[in-house]
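See below for the structure under consideration.
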Amino acid sequence: MAGAGRSSGRRFDRVHGVTTQALLMLGQLEPASGGAYAHATHYEPVPVEAFAELVATFPEELVRTAVFVDVGCGMGRALLLASELPFRQVVGIELSPALHAIARENVANARGLQRRCRDVRIRRGDARRRPRHAPLSRGRASRGDLRVRR
């Protein structure tokens, strides 16, 4: 089954003109800095089928009012998949500057998606430092935010 997940991931990348299929140790990308890196060891994308199975269990009326948040969004595959659903907003938070840059590029340049969520944002930083009560959809965008409205 793992092989099937990798092949569907490569197919997803090819169809949408993105790069999300990889298994990377974060130490290969940049030196670890900060306490969050003790818990962030590697990047491995969500399998396309597993994501589809999970979100198929969500009632659509819930999805329409919900904000989808992917902590550790990596290269952004789950963000791209979530953008095809009618979430109120899709937000990715990524610690790694290298993965954050790839996710931004993927979200900005993906083709052939049936986007139903027009508000997709990616933030770079340590998700532990964001106050739980601070809404992601209000206030000014900080450097490192990417908003895609199509």
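What to note about this one:
- Among residues of the range 49-64 that are over 18 Å from residue 77 (Cα atoms) and in contact (Cβ under 8 Å) with a residue 24 or more places away in the chain, those with a beta-carbon under 8 Å from a residue that is charged (D, E, K, R) and surrounded by 10 or more Cβ atoms within 10 Å (Cβ to Cβ) at least six positions away or on a different chain give the pairs 64/88.
- Residue match in the range 8-30 (condition: modelled with pLDDT of 95 or more, in contact with a Gly (Cβ under 9 Å, 6 or more places away or on another chain), closer than 21 Å to residue 111 by Cβ and assigned to a strand (DSSP E or B)): no
- Of all residues in the range 38-79 being at pLDDT below 95 and assigned to a strand (DSSP E or B), the one that is surrounded by the most Cβ atoms within 10 Å (Cβ to Cβ): 43
- Candidate set from the range 95-111 (those that are closer than 18 Å to residue 9 by Cβ and of a type outside the set (Lys, Arg)); member that is surrounded by the most Cβ atoms within 10 Å (Cβ to Cβ): 103
- If the condition is being under 21 Å from residue 49 (Cβ atoms), in a strand (DSSP E or B) and aliphatic (A, V, I, L, M), then the range 80-120 contributes only 90.
The values are calculated or read from the model by the stated rules, or taken from the named source; none is laboratory data. Because the structure is a prediction, the values reported are computed rather than measured. So basically every Cβ, Gly included, is an ideal-geometry build from the backbone, and we count neighbours across all protein chains shown.
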